[in-house]
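Everything below concerns the one structure shown next.
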Amino acid sequence: MLKGSAASELLQAIQDVFEGRSYVMPLATQGMVDHLLHQPESANGARELSPRQSEVLQLLAEGRTMKEIGAILKIAPRTVAFHKYSMMELLGIKSSAELVQFAIKKRIVSL
């Protein structure tokens, strides 16, 4: 959130976080997307994710919890965690934020 953000945006952010989701301002999101889409390809981008990994990544990037993803995909939250960490290892990614950046860059997630 920026200091000059509208009160309604602050309320939406608080509600999203309270419900267990992440909140990123649309203005910040657009800057991130522009930056990620214009970076050169890395060697990690050549690796393919399985269809299930792509589904898990899409839902993670939407701010869903592992429990929510498990319920949506009808798998255990531990299986979701397994997919997440498998993707991170496969892609050489060290954090959830980097994983979401990868999803945006590869257009796995739609904003």
For this session: Pairs only if they're at least six apart or on different chains, beta carbon under 6 angstrom, first in region 1-22 and in contact (Cβ under 8 Å) with a residue 24 or more places away in the chain and in a helix (DSSP H, G or I), second open to solvent by less than 80 Å² (accessible area, probe 1.4 Å) and not charged (D, E, K, R); list them, first residue then second.
Result: Asp16/Tyr23
Exercise. From the list Leu60, Leu73, which one is within 20 Å of Ala13 (Cα to Cα) and not acidic (Asp, Glu)?
Worked result: Leu60
Exercise. Taking only pairs six or more apart or across chains, which ones have beta-carbon atoms under 7 Å, a first residue in region 87-102 that is farther than 19 Å from Thr65 by Cβ, and a second residue that is part of a helix (DSSP H, G or I) and open to solvent by 50 Å² or more (accessible area, probe 1.4 Å)?
Worked result: Leu91/Asn44; Gly92/Asn44
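Of all residues in region 30-72, how many are small (Gly, Ala, Ser), open to solvent by less than 50 Å² (accessible area, probe 1.4 Å) and modelled with pLDDT of 85 or more?
Here is the first cut: in region 30-72, the residues small (Gly, Ala, Ser) are 31, 42-43, 45-46, 50, 54, 61, 63, 70-71.
Now drop any that are not open to solvent by less than 50 Å² (accessible area, probe 1.4 Å), which leaves 31, 45, 50, 54, 61, 63, 70.
So of that shortlist, the ones also modelled with pLDDT of 85 or more come out as 50, 54, 61, 63, 70.
Matching residues across region 30-72 total 5.
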For this session: Specify the residue that is nearest to the chain's Cα centre (by Cα); the eligible residues are those in region 65-106 that are among the aliphatic types (A, V, I, L, M) and not in a helix (DSSP H, G or I).
Result: Ile93
Exercise. Inside region 74-111, can you point out the residues that are open to solvent by less than 30 Å² (accessible area, probe 1.4 Å) and within 24 Å of Asp16 (Cα to Cα)?
Worked result: Val80, Ala81, Lys84, Leu99, Phe102, Ala103, Ile104, Val109
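The values are calculated or read from the model by the stated rules, or taken from the named source; none is laboratory data. Everything numeric in this text was worked out from a predicted model, so none of it was measured. No Cβ is skipped: glycine too gets one built from the backbone with ideal geometry, and neighbour counts run over all protein chains shown. Please note that ligands, DNA and RNA were not included when accessible areas were found on the heavy atoms of the full protein model with its side chains. Shrake-Rupley method; radii C 1.70, N 1.55, O 1.52, S 1.80 Å.
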